[in-house]
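Notes follow once the structure below has been shown.
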Amino acid sequence: MNSKILNITNGDVFNQYFLSKFDEVAVPFCEAMMDGNTLLDIYSDEFINLRSAELNVDVSIYKSKMQAYDALNTNGHFSLNLWFGQDTFCQMNLLTLLAYLEQIGYCGNVVLNYIDDETFDVIEANIDVELGAYRKLYEDVFISRSMPHEVGVLSLRAIELYFDYRSENGALAKLVRENSDINYTELVCLLMENSKEYGLSDIQAEKLIKKYK
């Protein structure tokens, strides 16, 4: 039996930290699934082309960031250890990864570890993940845009904030409109201060300002 472990982390920054601390194989899952549209057939050519366009990056750059996909499809890892945060940004990426594991019929062990994105402290460790419901959940959230009731190991709060983030009447959209008189830099800072649960980057904050100011 192959007992190798592949660690999949929530992005480049934590992945570098993980590799500096542990002598294990780790790759980042690099996406921003809370932004833009998507397709049900994850990592198909059509998916890659659409996601590249939605994120405004060249297809070759997008493909260079598909380390998790490459590792899952080229190595015989028996077990997966996942390292993700509980904010909306991380949760939407985690949902996509779990749905992809179901799509490819992954049958190995999957263990989830929730981390603090700022301190990298482990919040909750060794959560056993039972695959089977996440592809349907992915379809409900990303394709049908419907709020689910059962979310497995994911955070219901994060999914609620995903729909809030995408809404013109959401809390962040209202924050931008209500503070449109302050200067751009101050508004970016205000958004960042009020969006920790969303896990926004400064780039996403700037996009919200351009959209709603």
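The values are calculated or read from the model by the stated rules, or taken from the named source; none is laboratory data. Since this is a predicted model, take the numbers as computed values, not measurements. Glycine gets a Cβ as well: all are built from the backbone with ideal geometry, and neighbour counts include every protein chain shown. Areas reflect the complete protein model, heavy atoms only, side chains present, ligands, DNA and RNA absent. Shrake-Rupley method; radii C 1.70, N 1.55, O 1.52, S 1.80 Å.
Just need a number here: residues in segment 143-160 that are in contact with a helix residue (DSSP H, G or I) (Cβ under 8 Å, 6 or more places away or on another chain) and over 23 Å from I127 (Cα atoms). Of the residues in that region, 3 qualify.
Candidates in segment 1-38 are the residues that are free of Cβ contacts under 8 Å to residues at least 12 places away in the same chain and farther than 18 Å from A125 by Cβ; of these, the one that is most open to solvent (accessible area, probe 1.4 Å) is D23. Every listed requirement among (1) farther than 22 Å from N75 by Cβ; (2) outside any helix (DSSP H, G or I) is met by E31 save one, (1).
Among the residues of segment 81-109, what is the count of those that are more than 22 Å from I159 (Cβ to Cβ) and within 18 Å of the chain's Cα centre (by Cα)?
Keep residues of segment 81-109 that are more than 22 Å from I159 (Cβ to Cβ), which gives 81, 104-109.
This time we only want the ones that are within 18 Å of the chain's Cα centre (by Cα), so: 81.
The qualifying residues number 1.
Does Y17 fit the bill of being of a type in the set (S, T, Y) and at positive phi? No: the conditions fail for Y17.
With under 30 Å from S79 (Cα atoms) and not hydroxyl-bearing (S, T, Y) as the only criterion, which of N179, N126, N183 stands out?
Details: N179 fails: under 30 Å from S79 (Cα atoms); N183 fails: under 30 Å from S79 (Cα atoms).
Going through N179, N126, N183 in turn, just one is under 30 Å from S79 (Cα atoms) and not hydroxyl-bearing (S, T, Y): N126.
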